[in-house]
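The values are calculated or read from the model by the stated rules, or taken from the named source; none is laboratory data. What you see is a predicted model; the values in this text were computed from it and never measured. Positions of Cβ are generated from backbone atoms using ideal geometry, with glycine treated the same way; all protein chains shown enter the neighbour counts.
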């Protein structure tokens, strides 16, 4: 198959890429531990050439689309946020094209814009009357998932992209109308590694314990704040009511359950989970506790999203 | 004045002490950076002698009472928890006396027991049907505060002891009926020092900004979870809606506001705050936003509590 697109997901901690055919089929994939935090501000072109120089030399004029934090102020080139509500054509139409030397460079390289939205803040206060939220990269996954699952015409859809900073995203008939960030994965890591609970939990990773995870979800759903429920990891261990090996899964359930408690989900709401297999499984277990059904389109949705954007450029 | 009691508050990170007269008056105070985390498990007697040997030599037979984590499994000698509901006479009657060499040692040394309580957990599950909670040291502060403020006969009282692990304590006619731990101070420190927000906030301490603190409290009270509201520190900085110097106070307001949101406080509930001056002020500002009035007995309540226990031993 002839490559039609170099698709790149360049995030904070990792750099993933794929050569895609015109129909979106994956020809070859590569991943590098070169997230933007590892790249000096003037080093992006060098890393790009190191990682993809051979692909580009073998495919003169190849289109390259990048999504993720590469378009942030700390990335290669800042791509302005696209304001919500925003649909697929909004982000496809506002690509940030790179101005690269030499000018004869035939390949075209662009960064997909992130999204911003505003939520209700404080009454009558000018600066905090609304609170902004932002995403970079997840918008491409969402539009890829909508296409993969053929959900562009659903009037009201909720998607969750779990992770370091989980995104809960509302989509109405193919347009992202609002979204909210939760510091879930990061808070779990902080509690696991740096809090007093690190001294309570066994040092190494414990195998996933579904029963303890679900108990954590249930406690969180009945609670009012993770500030309070998290301390039960310590006291349940102190009173020998959970085995040491179960504590890590219980804490994971508390943190993911807290994220779900904070949503206003109807019991008949379907939720689309976009995550790796392990995290998808945990959110499925947790959503079952809320009586919520879910779909999962798998992990290739970034490539589907970038491929769909590329097709708007090759009409 | 002749010393009647060596009063010690030996916590996780600090060791505070006072020589008290029979009427509770403070004769002399000392503090050491020798919290139990700095003491090897067989080193407590040595540290005790280094810190208080001269006082004890000058006052043969002096009674010594200790409160705090010194009575935990990681402390000098484990003092069994006293189960709630528990009143002053319950803890005064269950002191854990130290068995020390030489046997001729005339001084008497005892540790005040901590308290445990059980809250409703999961339906129909034996191990998690109730969730335990624990305190060590705060019980002595509470009984000291009740005496200092003459509140032993109030039918329904709420006290908050803010800190690394804040305690919210319900007291009915002088008896502690239940309490709840919130990992508030620790969560603030984790977010401030180890999360992505550490990269958003200025490196050094900023002066306290009351307006930004109160805005944080208001956002937290209208929110559903700190997992979500905390991310606004980053986005408000990204969109230049809060000055860099205001962000730290705003985050402090978010975290303390989250603790208050999770309480079920009536607007006519009075709350007693037991904390140092700086923290007392922040909780006063935050409670005003909830329409709650508060009292504050000052910082000497541990000495008042230990002195009251000593008086039960010298009838």
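What the table below lists for this structure:
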item	result
Verdict on residue B:145 being touching a residue at least 40 places away in the same chain (Cβ under 8 Å), under 17 Å from residue B:69 (Cα atoms) and either in contact with a strand residue (DSSP E or B) (Cβ under 8 Å, 6 or more places away or on another chain) or crowded, with 22+ Cβ neighbours inside 10 Å (or both)	no
Only one of B:145, B:129 that is assigned by TED's automatic domain parsing to the domain that holds residue B:99, modelled with pLDDT of 95 or more and in contact with a helix residue (DSSP H, G or I) (Cβ under 7 Å, 6 or more places away or on another chain)	B:145
Flag for residue A:154 being in contact with a helix residue (DSSP H, G or I) (Cβ under 9 Å, 6 or more places away or on another chain) and part of a loop (DSSP other than H, G, I, E, B)	yes
Qualifying residues in the stretch B:67-92 (those that are out of contact with any helix residue (DSSP H, G or I) (no Cβ under 8 Å at 6 or more places or on another chain) and assigned to a helix (DSSP H, G or I)) - the one surrounded by the most Cβ atoms within 10 Å (Cβ to Cβ)	B:71
Conditions (1) more than 9 Å from chain B (Cβ to nearest Cβ); (2) outside any loop (DSSP other than H, G, I, E, B); (3) within 21 Å of the chain's Cα centre (by Cα): number failed by residue A:245	(3)
Test for residue B:265: is it touching a residue at least 60 places away in the same chain (Cβ under 8 Å), assigned to a loop (DSSP other than H, G, I, E, B) and within 14 Å of chain A (Cβ to nearest Cβ)	yes
Criterion: touching a strand residue (DSSP E or B) at 6+ places or on another chain (Cβ under 6 Å) and more than 25 Å from residue A:183 (Cβ to Cβ) - qualifying residue of A:308, A:267, A:293, A:304	A:293
Enumerated helices (runs of 4 or more DSSP H) restricted to the stretch A:188-239, each holding at least 2 residues that are at the interface with chain B (Cβ under 7 Å from one of its Cβ atoms)	A:210-222, A:226-229, A:231-238
Meets criteria (in a strand (DSSP E or B) and touching a strand residue (DSSP E or B) at 6+ places or on another chain (Cβ under 6 Å)) for residue B:169	yes
The lone exception for residue B:57 - which of (1) in contact with a helix residue (DSSP H, G or I) (Cβ under 8 Å, 6 or more places away or on another chain); (2) modelled with pLDDT under 95; (3) farther than 24 Å from residue B:115 by Cβ it fails	(1)
Scope the stretch B:28-45; condition closer than 14 Å to residue B:15 by Cα and outside any loop (DSSP other than H, G, I, E, B); matching residues	B:29, B:30, B:31, B:32, B:36, B:37, B:38, B:44, B:45
Meets criteria (touching a strand residue (DSSP E or B) at 6+ places or on another chain (Cβ under 9 Å), closer than 14 Å to residue B:182 by Cβ and not assigned by TED's automatic domain parsing to the domain that holds residue B:144) for residue B:279	yes
Failed item in (1) surrounded by 21 or more Cβ atoms within 10 Å (Cβ to Cβ); (2) within 11 Å of another protein chain (Cβ to nearest Cβ), with residue A:251 passing the rest	(2)
Qualifying residue in the stretch A:57-66 (condition: under 17 Å from the mean Cα position of the chain (by Cα) and part of a loop (DSSP other than H, G, I, E, B))	no
Answer residue from the stretch A:155-174, given it is surrounded by 16 or more Cβ atoms within 10 Å (Cβ to Cβ) and more than 25 Å from residue A:253 (Cα to Cα) and is farthest from the other protein chains (Cβ to nearest Cβ) among those	A:174
Only listed residue being closer than 27 Å to residue A:260 by Cβ and not assigned by TED's automatic domain parsing to the domain that holds residue A:275, chosen from A:118, A:78, A:123	A:118
Filter pass, residue A:278 being part of a helix (DSSP H, G or I) and crowded, with 16+ Cβ neighbours inside 10 Å	no
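Per-residue answers, yes or no, for (1) over 16 Å from residue A:313 (Cβ atoms); (2) free of Cβ contacts under 8 Å to residues at least 40 places away in the same chain; (3) more than 17 Å from the chain's Cα centre (by Cα):
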site	(1), (2), (3)
A:4	no, no, yes
A:12	yes, no, no
A:25	yes, yes, yes
A:29	yes, yes, yes
A:42	yes, yes, yes
A:52	yes, no, yes
